[in-house]
Amino acid sequence: MVIKSRAERLSDTFVKLTDTLVADYDVLDLLHTLVEDAVDLLDAAQAGLLLSDADGNLQLLASTSEQSQLVELLQLEAGAGPCVECYHTGTVITVDDISALGERWPAFQHIALDMGFRSVHAVPMRVHTRVIGAMGLFGAETGALTPEDASIA
């Protein structure tokens with residue numbers, strides 16, 4: 001078995017996503033590939049992807065597990081959480097330790113910890129300068145998102 005470097009895996013991901021866009025493709029399959037590869041490339045335990053509809057309302061379109069799906073859906077229901085804030089502000093939201101959130105997003109904190117997540121990093125999804133959603137990268141351990149990982153995300 002050949003072990004590929006991170007740069008090679010990143011290149012493979014871009015080629016795979018580009019090939020998908022050239023052919024007749026299913027958008028949901030493409031988004032699922034995106035979150036799956038993000039977990040691999042960015043050393044996250046799980047991921048979820050929220051995208052806005054034509055009216056600007058966020059919808060959950062892809063997740064890597066039932067746990068990340070539940071956490072993302074709770075944020076949508078509550079209208080609050082790191083991914084929702086990321087979408088509204090267009091900035092990366094980093095929570096190195098979910099247990100240390102205090103009073104910020106209590107519903108999110110409770111379910112995220114119950115699902116086994118200890119950190120979350122929400123990255124805005126853009127088309128040119130317009131924010132169209134947010135990808136949540138959930139960690140099983142506490143810790144920061146490195147500048148390199150933020151850039152790749």
* Asked: Could we say that Leu61 is under 21 Å from Gly143 (Cα atoms) and at pLDDT 90 or above here?
  -> no
* Taking the options Ile98, Ile152, name whichever one is open to solvent by less than 60 Å² (accessible area, probe 1.4 Å) and more than 14 Å from the chain's Cα centre (by Cα). => Ile98
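Search the range 31-81 for residues being in a helix (DSSP H, G or I) and of a type in the set (D, E, K, R), and hand back the single one that is least open to solvent (accessible area, probe 1.4 Å).
Taking the range 31-81 first, the residues in a helix (DSSP H, G or I) are 31-41, 66-78.
Restricting the remaining residues to those that are of a type in the set (D, E, K, R) gives 36-37, 40, 66, 72, 77.
Details: Glu36: 76, Asp37: 23, Asp40: 86, Glu66: 130, Glu72: 0, Glu77: 163 Å².
This residue is Glu72.
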* Those residues of the range 132-149 which are modelled with pLDDT of 95 or more, open to solvent by less than 30 Å² (accessible area, probe 1.4 Å) and over 13 Å from Leu49 (Cβ atoms), in sequence order -> Gly139
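Can you confirm whether the range 9-27 contains a residue that is modelled with pLDDT of 75 or more and farther than 15 Å from Val123 by Cα?
Taking the range 9-27 first, the residues modelled with pLDDT of 75 or more are none.
Scanning the range 9-27, I find no residue that is modelled with pLDDT of 75 or more and farther than 15 Å from Val123 by Cα, so the answer is no.
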* So, in the range 101-120, of the ones that are open to solvent by less than 40 Å² (accessible area, probe 1.4 Å), without any contact (Cβ under 8 Å) to a residue 40 or more places away in the chain and assigned to a helix (DSSP H, G or I), which residue ends up farthest from Val131 (Cα to Cα)? -> Gln109
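The values are calculated or read from the model by the stated rules, or taken from the named source; none is laboratory data. These numbers come from a predicted model, not from an experiment. Using ideal geometry, Cβ is built from the backbone for each residue, glycine included, and neighbour counts are taken over all protein chains shown. Heavy atoms of the whole protein, side chains included, go into the accessibility calculation; ligands, DNA and RNA do not. Shrake-Rupley method; radii C 1.70, N 1.55, O 1.52, S 1.80 Å.
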